[in-house]
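Everything below concerns the one structure shown next.
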Amino acid sequence: MAVPLVLVHSPLVGPATWEALAAVIAGRDHEVLAPDLTSSLTEGPPYWARQVDAITHSAAGRRVMLVGHSGAGPLLAAAGNALGRVVGYVFVDAGLPIPGQSWMETAPPALVQQLRAMAQDGWLPPWSAWWGADGLAELLPDQGVRERFAAGCPRVPMAMFEEAQPPVPGWPDAPCAYLRLSGAYEEPAERARELGWPVAELASHHLGVLTDPELVVGPLLELVRRLGSNRSRTGR
């Protein structure tokens, strides 16, 4: 039987990101776990450690495959290290792990400047408000979906972006794959190709996991299957 898939949402948004796709995956007889990371932002640093704790708690000591979307990608190395029982990693329109570095050190300078300009008293508005009402409506045209998604997006501490991810010697410790949904994530997808990971691409958008789960589920589960096959061949 396939191991459970732990669907990790970006700390900038909420678990509603995975809501639609999780239901479709579960309908295909895959067990799905979806940790909620939002409470990690209200308790102060180290933010990454609380986020990793939420991921490991959801896995409850079981063998799992970690699937991260967007800003969850950099967390997967530390989460895998903490779990010690990860059989694979899938990055879905996500950044790749940056052990020993902070987001501020690796992000485009223009984006860093944009976030600093938006911050007030060390806090950013919810991610859903960064793009304006029209920008979010373009990604999420269904009003009900948009409202549920926005309601789950927390205010974000600037300090989280300045926090270095912990070193993770020996990562990756299991096979990895990449699913690109939007052109904005071509760079990490290309890096995944260079590393020899399986890569799939869809003509979708960054929140396609929420708006078009039927489009995403097939390529995602195919990557999951390939990682499972790779692990069986290598004995890892």
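The values are calculated or read from the model by the stated rules, or taken from the named source; none is laboratory data. Quick caveat, the model's predicted, so the values are computed rather than measured. Cβ sites come from the backbone with ideal geometry, for glycine too, and all protein chains shown count toward neighbours. Calculation scope for accessible area: heavy atoms of the full protein, side chains included, ligands and nucleic acids excluded. Shrake-Rupley method; radii C 1.70, N 1.55, O 1.52, S 1.80 Å.
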Suppose every K and R has +1 on its Cβ and every D and E has -1 on its Cβ; what is the size of the dipole of the chain about the Cα centre, in Debye to the nearest 20? 840 debye
At a 10 angstrom cut-off on C-beta neighbours, averaged per residue, how do the peptides 24-31, 77-84 rank from highest to lowest? 77-84, 24-31
With a 1.4 Å probe and all protein chains left in place, how much of the accessible area of the range 163-236 comes from carbon and sulfur atoms, in whole percent? 51 percent
Which value, in debye to the nearest 20, describes the size of the charge dipole of the range 1-75 about its Cα centre when Lys and Arg Cβ atoms bear +1, Asp and Glu Cβ atoms bear -1, and nothing else is charged? 180 debye
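Write out the trypsin sites (Lys or Arg not before Pro) in the range 134-173 meeting two conditions: DSSP loop, and at most 14 other Cβ atoms within 10 Å of their Cβ.
The qualifying sites are 155.
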The local net charge around residue 26, scoring Lys/Arg +1 and Asp/Glu -1 for residues other than residue 26 whose Cβ lies under 15 Å from its Cβ, equals -3
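Taking only complete DSSP H runs, can you tell me which helices of the chain stretch 18 Å or more along their own long axis by Cα positions and average at least -1.0 on the Kyte-Doolittle scale?
Details: long enough: 47-59 (19 Å, -0.33); 213-234 (31 Å, -0.15).
Result, helices passing both filters: 47-59, 213-234.
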Pull out a ≥ b ≥ c, the square roots of the eigenvalues of the alpha-carbon gyration tensor of the range 1-63, then state rounded if a/c is under 1.5, prolate if not and a/b is larger than b/c, and oblate in the remaining case. oblate
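Sort the following peptides by mean Cβ neighbour count (other Cβ atoms within 10 Å, averaged over residues), highest first: 213-221, 9-17.
On the way: 213-221: 17.8, 9-17: 22.4.
Packing order, densest peptide first, comes out as 9-17, 213-221.
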Projecting the Cα atoms of 119, 132, 94 onto the charge dipole of the range 83-236, where Lys and Arg contribute +1 and Asp and Glu -1 at Cβ, the residue farthest towards the positive end is 94
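What is the dipole size for the range 65-151, taken about its Cα centre, with +1 at each Lys and Arg Cβ and -1 at each Asp and Glu Cβ, in debye to the nearest 20? If you can, show how the numbers build up before the last one.
Values: 4 positive and 7 negative charges, 60 e Å.
The calculation lands at about 280 debye.
Considering just Cα atoms, how many Å³ per residue does the convex hull of the chain enclose?
On the way: hull volume 27.8 nm³, N = 236.
Cα convex hull per residue, to the nearest whole number: 118 Å³.
Can you check how the C-alpha radius of gyration of the range 1-110 compares to 2.2 N^0.38 Å, as a plain ratio? Kindly include the intermediate steps, with their values, before the conclusion.
Details: Rg = 13.6 Å, N = 110, 2.2 N^0.38 = 13.1 Å.
Normalised Rg, Cα atoms only: 1.04.
Suppose all protein chains stay in the model; what accessible area per residue would a 1.4 Å probe give for the range 128-236, in Å²?
Values: 5490 Å² over 109 residues.
I get 50 Å² per residue for this part.
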Between the range 77-141 and the range 1-61, the Cα center-to-center distance that results, in Å: 15 Å
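How would you rank 60-66, 101-107, highest first, on the average number of other Cβ atoms within 10 Å across their residues?
Working: 60-66: 17.0, 101-107: 15.3.
Answer by packing, highest mean first, reads 60-66, 101-107.
For n ≥ 4 DSSP H runs only, could you compute -39500 (n - 2.57) per run for the chain, divide by its residues and tell me the 222 nm figure to the nearest 500?
Values: 11 runs with 100 residues, N = 236.
After summing the helix terms and dividing by the residues of the chain, the value is -12000 deg cm²/dmol.
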Taking the radius of gyration and the Kirkwood hydrodynamic radius from Cα positions alone, what is the Rg/Rh ratio for the range 139-227, to two decimal places? 1.03
